[in-house]
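The values are calculated or read from the model by the stated rules, or taken from the named source; none is laboratory data. Just so you know, these numbers come straight off a predicted model, no measurement behind them. Reconstructed Cβ throughout: ideal geometry from the backbone, glycine too, with neighbour counts over all protein chains shown.
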Amino acid sequence: MKEDIQKLLFEEIKASNLKGVTKASQIEVFEPKTLEFGDWTSNICMKLAAKSDDNPREIAKRLIKNLTKEEWITKIEIAGAGFLNFYLSSKQKFSFIEQCLEQKDPFLINGKVKQKILIEYVSSNPTGPIHIGHGRGAALGSALSNLLSRAGSEVKQEYYVNDQGLQIETLGLSLLLNYLSLNGERIKLPKECYQGDYLKSLASDLKKNEKNKYEFTLPEKLPTDFGDWLILAKRELSDFEELGKFALTKILDGIKTDLKEFNTFHDEFFFESSLYKDSKKSEFHKTLNYLSKKGLSYDKDGAIWYRSTDFGDEKDRVLIRENEAPTYFASDLVYHKNKFDRKFDEMINLWGSDHHGYLPRINASLKGLGYESKKLKTIFIQFVSLIRGKNRVAMSTRSGEFVSLKKLIDEVGVDAVRYFFLERRSDQTLEFDIELAKKKNKDNPVYYIQYAHARICSLMKELQERGFYYSHAEGSEALSSLSSTKENELVSQINSYQLTLERCFDKREIHSLCFYLRDLAAIFHSFYNFHTILDIDDRSRNARIALSLASQAVIKDGLSILGISSPEKM
């Protein structure tokens, strides 16, 4: 409806030879806060007055002469300094309500170009259980995927598994030292090792599965340095690298299980190691050869460098270290090349805010390879801090003092965790109030939204118990009888659902949907408490039931995008 009014205004502005806008989307049209100002309002006349000798009210009078001929507009009023207030016909006003009553499939976002989109998110290093910081990315990535799919886009959800390099060796050594400690050896893990009880559990599993396979005679004086331990382990165990693979597989299985419980489902787990397979035939080797032939890389101090300063980066970046080991940047360069080669229309990265400085070098690498970096969109996710009472829990995967996503889910539930992660902009830090998330009252927004849905389910059950009859046809026909302030507020909020989805789609954001559902629930509860829904008057009852069911349809649909359940009773 917003676009229809914008189009009408734009056509009349052109016909009246007024200057100030060059396209319909520049015309601001919005829903007023109070119903006395109509169903929609616009301040366009003030903008046009800046380019005209006429004042806003005079311009408004010229515009509405022809606009009022539209059958779905009952009247247009000039208010204040020159606002245009639009009042819609009953048929137009309740058209979306009627659609809600018949809706069986998810609501779609119309008028958007269908695209092939890749969204890569979570991608937590598989060196420990997924923690709540990564959980915020999981909630946003899966909800955003749901939203983008509503516009008919083909969305592929991907998890990038860092299974190369020193971190996997470190994981293997961390497991080995926990494994050797099961025999009573008092081994202090170097600070570089991964800590935490999950490694003790993995060590026990390894002992059970492999018995004494990884035991060897330890020196009388145990090493204390990480490097010395690594040298010893590699010397004594010819299959040392299997330890890292064992731990990685087990941890990744746990991550997949946690994500599934969290209503997060990736289509693909892309392994970094796949970029290096087949040695000289690998994607990594081919990319390095390409860079060399194009003069985009050079040798210096025994390392291979990428000329990223030629493409806007602050300094050149190392691709291959002096010890011939690839850098993280090199792997990311090849991985992003792989993304572009798969011919997506848009690629979205969800990264932690600590990777903010990493974006310029990735964009530089893409420019060097001849790709359109504008196809890549990166959304940064700020840190999460967990509040327990008055205490803040510190998180560190090295020290083992992190709170796992599973632990938080077990304590407050999937729905509360997802909502609290999603209700803020991703670039804002989040303080997760665990006590609020556990409350069963209106202070907890997700509970309040779900309670509105359950309340409508109870209403329909009571309808049957009291012997009342209801049909969508009769409910739709009776909608025109809705006239109170509470009823009209609810109608207006429901009607703005599609516009909310469009805004979220255009901005690639989710938090606005959370705010919308919270407001819808509050308006519905106010309507429910003010009016007698199961009125003895058939027309009033059917109209209010229809309005309640439309509210229910929107709440259920919105929660499904967020990956949150819609309980029928609470």
Please work out which residue is surrounded by the most Cβ atoms within 10 Å (Cβ to Cβ), limiting yourself to region 394-425 and to residues that are at pLDDT 95 or above and not in a helix (DSSP H, G or I). 423
So which helices (runs of 4 or more DSSP H) stay within region 222-324 end to end and still have 3 or more residues that are over 30 Å from residue 184 (Cα atoms), out of contact with any His (no Cβ under 9 Å at 6 or more places or on another chain) and not hydrophobic (A, V, I, L, M, F, W, C)? 241-261, 283-293
Within region 157-172, is even one residue polar (S, T, N, Q), touching a strand residue (DSSP E or B) at 6+ places or on another chain (Cβ under 8 Å) and more than 30 Å from residue 428 (Cβ to Cβ)? yes
Screening 141, 133 for residues that are modelled with pLDDT under 90 and buried (at least 23 other Cβ atoms within 10 Å of the Cβ) leaves only 133
More than 20 Å from the chain's Cα centre (by Cα) and either within 30 Å of residue 543 (Cα to Cα) or not aromatic (Phe, Trp, Tyr) (or both) - does that describe any residue in region 128-142? yes
From the residues in region 369-379 that are modelled with pLDDT of 90 or more and buried (at least 17 other Cβ atoms within 10 Å of the Cβ), which one is nearest to residue 509 (Cα to Cα)? 379
Which of the residues belonging to region 63-87 are surrounded by fewer than 16 Cβ atoms within 10 Å (Cβ to Cβ) and acidic (Asp, Glu)? 71, 77
Residues that are among the small types (Gly, Ala, Ser) and part of a helix (DSSP H, G or I): does region 335-352 have at least one? no
If you take the residues of region 334-361 that are in contact with a strand residue (DSSP E or B) (Cβ under 6 Å, 6 or more places away or on another chain) and crowded, with 20+ Cβ neighbours inside 10 Å, which of them is nearest to residue 297 (Cα to Cα)? 361
Output for Cβ contacts, cut-off 7 Å, separation at least six or different chains, first residue more than 15 Å from residue 193 (Cα to Cα) in region 231-245, second aliphatic (A, V, I, L, M) and at pLDDT 95 or above, reads 240/233
Scanning for something of a type in the set (Phe, Trp, Tyr) and part of a loop (DSSP other than H, G, I, E, B), does region 494-505 turn up at least one residue? no
Given the conditions (1) assigned to a helix (DSSP H, G or I); (2) touching an Asp or Glu at 6+ places or on another chain (Cβ under 9 Å), and given that residue 157 satisfies all but one, which numbered condition is not satisfied? (1)
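Quick check on this structure: which one of 437, 364 is crowded, with 17+ Cβ neighbours inside 10 Å, in contact with a Phe, Trp or Tyr (Cβ under 7 Å, 6 or more places away or on another chain), over 27 Å from residue 266 (Cβ atoms) and small (Gly, Ala, Ser)?
None of the other options fit; the residue is 364.
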Residue that is farthest from residue 180 (Cα to Cα) [pool: residues in region 202-248 that are more than 41 Å from the chain's Cα centre (by Cα) and among the hydrophobic types (A, V, I, L, M, F, W, C)]: 231
Of the numbered conditions (1) small (Gly, Ala, Ser); (2) in a helix (DSSP H, G or I); (3) farther than 26 Å from residue 156 by Cα, residue 365 fails exactly one; give the number of that condition. (3)
Evaluation of residue 568 against (1) within 15 Å of residue 460 (Cα to Cα); (2) surrounded by 21 or more Cβ atoms within 10 Å (Cβ to Cβ) (one fails), failing number: (2)
Residue count, region 48-62 (criterion: surrounded by fewer than 19 Cβ atoms within 10 Å (Cβ to Cβ) and either charged (D, E, K, R) or in contact with a Cys (Cβ under 7 Å, 6 or more places away or on another chain) (or both)): 7
Looking only at strands (runs of 3 or more DSSP E) that lie completely in region 44-125, which have at least 1 residues being free of Cβ contacts under 8 Å to residues at least 60 places away in the same chain? 73-79, 83-88
Looking at region 5-21, is at least one residue among the polar types (S, T, N, Q), touching a Lys or Arg at 6+ places or on another chain (Cβ under 7 Å) and either closer than 19 Å to residue 498 by Cα or not in a helix (DSSP H, G or I) (or both)? yes
Of all residues in region 494-511, how many are surrounded by fewer than 17 Cβ atoms within 10 Å (Cβ to Cβ) and either under 21 Å from residue 39 (Cβ atoms) or touching a strand residue (DSSP E or B) at 6+ places or on another chain (Cβ under 6 Å) (or both)? 2
Filtering region 461-480 down to residues that are surrounded by 15 or more Cβ atoms within 10 Å (Cβ to Cβ) and assigned to a helix (DSSP H, G or I) yields 463, 472, 474, 475, 476, 477, 478, 479
Would you confirm, using the coordinates I've provided, whether residue 331 is surrounded by 15 or more Cβ atoms within 10 Å (Cβ to Cβ), in contact (Cβ under 8 Å) with a residue 24 or more places away in the chain and not in a loop (DSSP other than H, G, I, E, B)? yes
Out of all the residues in region 22-43, which are out of contact with any helix residue (DSSP H, G or I) (no Cβ under 7 Å at 6 or more places or on another chain), crowded, with 17+ Cβ neighbours inside 10 Å and not in a loop (DSSP other than H, G, I, E, B)? 37, 41
